[in-house]
Amino acid sequence: MPISAFGSPGLEKNVGNFELIDTLREWGITHYSGVNGGGVVHVTKYLVPLTDLSQVADGVPRMLTLGEYASGFMPLGYYLASGRIAASITTTGAATKLGASGLTDAKLHNIPALYLIALNSTGSIGKAPLQDVSEYGMNVVPQLQAELGDGCIVIDNIHRLEQDLVKAQSILLESRPVAIAFHPDILARDIQVDVPKAEKPRILHKEDIEVFLKQFPPMAKKRRVIIYVGEEAAFSPNIQELSTELSELLQAPTVWSVNGANAVSHKNPYGYGYIMFGGNDKAMELWRSMNQEDILITLGFCPGEYSINLESIPAKWTWHFGAYMHGYGEIKGDFRHRCKGGYTKIRGDIAFALEEVIPRLKALGVGNDRPKVERPDNLNFREVWRDVRKDCVDFVSFYEELAKHWQPNSIGFDDVCIAYKDRQYVTQRPDPNITFWTMHHGSAMGGAYGLGVGAKLADPSLHTFIFSGDGCWRLYGGCLSEAANLDLRLFIINNGTYGIVDKGLEIIIPTVEKRRYHSKLRSIDFVAAAKAHGWDGFYLKPDLSNLKEIMDACNTLGGKSILVDVPVDNEQVVGLNARLLNLTAQAYL
C-alpha cells in the first residue's frame with residue numbers, strides 16, 4: 001500500500017478498516033469524498049487529504065472533504081469522465097440522507113459507484129446512541145436494501161468480509177452502485193482478506209445475434225427503420241463510428257436521448273436530434289410519426305419520463321441492443337412491457353454486437369433498396385421568442401456563441417434547471433469537442449456540482465464545465481471553498497426563479513395566481529459569493545461582448561475555479577417539456 005501503516009501513528013494493519021481501503025486500492029479505487037466524523041473515523045484515517053490536483057494520479061488513497069450532498073454525486077462524475085470507480089463516504093445518521101440523492105441517480109443511470117456508510121456500533125444498539133440508524137432510529141439498512149437490493153452490503157461479521165467484498169465487486173462490474181454499510185466495531189476487528197481486482201468482461205450472446213440476422217432483414221425490407229441511441233451506448237468503444245455506420249447502412253433516421261448523444265457523431269447524416277425533454281422539432285416529428293409499420297432499433301434503452309415520456313413504443317418490432325442485466329426500468333431483464341409491438345433484446349456489449357452485425361448485414365444486402373428518407377440539416381422549425389429583457393442574454397444566442405469556444409478534451413454537466421432543457425434544443429447535435437451529461441432520471445437539483453468535482457478528480461486535464469441554476473446553487477453553495485483550486489468552470493443560469501417550475505405551472509395550473517407557484521428566488525451576487533470562497537468570477541454581459549474573454553479564461557487550466565453569472569429572462573422558453581401534460585392530467589386521475 002502506498003501509505004504505510006507503520007509510517008503514521010495509530011494505523012494498524014490486518015484489521016477490517018485497513019483491509020477495506022487496501023482492497024479497494026487494489027481495485028483501483030483511490031478517490032473518496034465526504035465529511036469525516038462519527039462512525040467513519042477509523043476508515044478515513046487510512047486516507048490522505050486531497051488538497052491539490054497534482055495528487056490525484058499518485059495512487060494514494062485520498063479523501064476530498066466535501067459536503068455530503070455534493071459528495072454523493074462525486075463518484076458519478078468520476079465514472080462519466082473516466083470509466084473508473086470512486087467512493088463517497090457518509091458517517092452515521094443524517095449524512096447518509098444527504099448523500100443518498102447521488103446514490104439514487106447512480107442506480108437510475110446504471111453507474112457503478114461506491115458508498116461507504118457507517119452504522120452504529122453493535123454494542124450501542126437499543127441504547128439510544130447519537131445518530132441512531134438502527135431499527136430503533138432511522139432504520140437505514142432496510143431503506144438501503146429497498147433501494148439497492150443486493151447492492152446494499154452490510155458488514156456485520158468480520159469473518160464474512162472477504163465474501164462481502166467479492167460480492168461488492170461483482171455488483172459494481174454489473175454497472176450498479178454498491179453501498180457498504182458497516183458497524184464500526186465489527187470493521188475494527190482483526191482480519192486479513194485477499195480479493196484481487198476482476199476485470200469487467202465484454203459479453204455477447206451469439207445466439208441473439210443469429211436471431212437478429214435471421215429475422216431482421218426480411219422484417220425491415222421496404223420498411224422504415226428508426227434508430228434510437230440511449231446512454232448505455234455512450235460507454236461503448238468506437239460507438240460514434242459504429243452508430244453512424246449503422247444509420248448509413250439502413251438509411252435510418254436516428255434520434256438520441258440527452259446522454260445518448262455522446263454515442264452519436266455530429267457528422268451522422270441521418271441525425272434527427274434529441275427527443276422529448278428539450279427535444280428537437282425534427283426528432284419529435286419523427287418520433288410522433290412512428291407507427292406499427294416501422295422497425296425500431298435501440299442502442300441502449302433510456303426508459304425515463306424525460307426520454308420517452310411514460311409512452312409505449314408503437315413500432316411493429318423493437319430490437320434492443322444492450323448489456324445491462326439489471327438496467328433501470330427493466331422488468332424481468334428487458335423492456336418488453338414498453339413496446340406495443342414485438343420486442344427482442346440482443347444481449348451483450350453494444351459495440352461488440354454492432355461490429356458483428358454490420359458486416360454481415362452488408363453481406364446480406366440489407367442496405368440495398370432502402371426506403372428514402374430526408375437527411376435534414378436544420379433540426380428545428382419552431383419559432384422561439386427572443387425579445388428578452390435588456391439586462392438579460394438571449395439564451396439561444398448564448399448557446400450558439402458558446403459552441404464556438406469549446407476546446408477538445410472538454411466535459412460538461414447540466415444541472416436541474418433550464419440548462420438541461422435548452423442546450424440540446426439550440427445546439428441540435430453533439431459537439432465533437434465536449435461531451436455533456438445530465439442525471440435527469442432522479443432530477444436532483446444541485447447534483448451537477450458534485451459531478452463536476454468527480455470529473456476533475458478523475459482527469460485533471462479535462463476542461464470541466466458545470467451549468468447550474470440559481471435555485472440549484474442553494475444545495476451546494478457552501479461547498480465551493482473546497483473546490484477553489486480544482487479548475488472548475490461553473491456557469492450560474494440566473495433567472496431569479498425556479499424556472500422549470502414557474503413556466504411549467506403556467507400550463508399545469510394556468511388559472512391559479514402566479515404568487516402561488518412559489519417559484520421566485522431572492523437575488524444573490526454569485527460572483528461576489530464565489531470570490532469569497534476563493535474562486536474567480538465574471539458577470540456575462542447581456543450582449544455577450546465579453547464571452548470570448550470569459551471562455552479564454554475558462555479554457556486556460558490555471559488551477560483556480562471560475563464562476564460565471566449568466567443573466568437570463570425567465571419568460572424566454574426555448575426547449576419544450578413534454579412532461580407538463582402528464583402533470584396536468586394527474587390532477588384529474
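Looking at the square roots a ≥ b ≥ c of the eigenvalues of the Cα gyration tensor of the range 39-86, which shape do they give, rounded for a/c under 1.5, prolate if a/b is larger than b/c, or oblate?
oblate
Can you give the calculated 222 nm mean residue ellipticity of the chain, where each DSSP H run of n ≥ 4 adds -39,500 (n - 2.57) and the sum is split over every residue, rounded to the nearest 500 deg cm²/dmol?
-9000 deg cm²/dmol
How much length, in nm to one decimal, is gained on full extension between residue 383 and residue 336, taken as 0.36 nm per residue of separation minus their Cα-Cα distance?
Full-extension gain reported as 13.2 nm.
From the C-alpha gyration tensor of the range 395-586, pull out the three semi-axes of the equivalent ellipsoid (sqrt of 5λ each), sorted largest to smallest, in whole Å.
28, 18, 16
Can you work out ³J(HN,Hα) from phi for every residue in the range 271-277, in order, using Karplus 6.51 cos²θ - 1.76 cosθ + 1.60 and θ = phi - 60°, giving whole Hz and x for Gly and Pro?
For the range 271-277, the Karplus-derived couplings read x, 10, x, 6, 10, 6, 5 Hz, x marking Gly and Pro.
Does the chain classify as rounded, prolate or oblate by the C-alpha gyration tensor (a ≥ b ≥ c root eigenvalues; a/c under 1.5 gives rounded; else a/b over b/c gives prolate, otherwise oblate)?
Because a/c hits 1.5 or more and a/b fails to exceed b/c, the chain counts as oblate.
Fewest Cβ neighbours within 10 Å first, please rank 276, 74, 551 accordingly.
In order of increasing Cβ crowding within 10 Å: 551, 276, 74.
By count of other Cβ within 10 Å, fewest leading, how are 183, 337 ordered? Please list the in-between numbers first.
Working: 183 23, 337 12.
The fewest-first ordering by Cβ neighbours comes to 337, 183.
Could you give the nm distance between label points at residue 374 and residue 94, where each point is 7 Å from its Cα heading toward the beta carbon?
For the pair residue 374/residue 94, the computed spacing is 5.5 nm.
Evaluate E = 1/(1 + (r/R0)^6) for residue 197 and residue 41, where r is the Cβ-Cβ distance and R0 equals 22 Å; express this FRET efficiency to the nearest 0.05.
0.25
Length gain on complete extension for the stretch residue 391 to residue 159, per 0.36 nm per residue less the alpha carbon to alpha carbon distance? Kindly include the intermediate steps, with their values, before the conclusion.
Values: separation 232, 0.36 × 232 = 83.52 nm, distance 6.47 nm.
77.0 nm is the gain from fully extending residue 391 to residue 159.
If we restrict to alpha carbons, what Rg and Dmax does the range 206-363 come to, in Å?
Values for the range 206-363 (Cα only, Rg and Dmax): 13.9, 39 Å.
What is the calculated FRET efficiency for residue 580 to residue 213, with r their C-beta to C-beta distance and R₀ = 41 Å, to the nearest 0.05? Let's see the in-between values first.
Details: r = 42 Å, r/R0 = 1.03.
Step by step, r from the Cβ atoms, then E = 0.45.
So how strong a dipole does the chain carry about its Cα centre when Lys and Arg Cβ are +1 and Asp and Glu Cβ are -1, to the nearest 20 debye? Walk me through the intermediate numbers first.
Working: 58 positive and 67 negative charges, 239 e Å.
Using Cβ point charges on Lys, Arg, Asp and Glu, the chain gives about 1140 debye.
With each pseudo-label sitting 7 Å past Cα toward Cβ, what's the residue 248-residue 459 distance in nm, one decimal?
Calculated label separation equals 2.5 nm.
Roughly how many nanometres apart are two label points built 7 Å out from the Cα toward the Cβ at residue 293 and residue 84?
If labels sit at residue 293 and residue 84, their model points lie 5.3 nm apart.
Test of understanding: ordering 79, 449, 539 by Cβ neighbours within 10 Å, fewest first, what list do you get?
539, 79, 449
Which one of 455, 406, 40 is farthest out on the positive end of the charge dipole of the chain, using unit charges on Cβ (Lys, Arg +1; Asp, Glu -1) and the Cα centre as origin?
406
Do any trypsin sites (Lys or Arg not before Pro) in the range 144-222 lie in a DSSP loop with no more than 16 other beta carbon atoms within 10 Å, and if so, which?
Qualifying residues, ordered by number: 189, 197, 202, 221, 222.
Using the Cα centre of the range 96-238 as origin and beta-carbon charges of +1 (Lys, Arg) and -1 (Asp, Glu), tell me which of 133, 196, 183 is placed farthest towards the positive end of the dipole.
196
Using DSSP, restrict attention to beta bridges with both residues in the chain and report what percent are antiparallel, rounded to the nearest 5.
5 percent
Report the semi-axes of the equivalent ellipsoid for the range 16-187 in whole Å, largest first, where each axis is √(5λ) for an eigenvalue λ of the Cα gyration tensor.
They are 23, 17, 16 Å, listed largest first.
None of the figures in this text is laboratory data; all of them are computed from the coordinates on show. Keep in mind the model is a prediction, meaning the values are calculated, not measured. We place every Cβ from the backbone using ideal geometry, glycine too, and count neighbours over all the protein chains shown.
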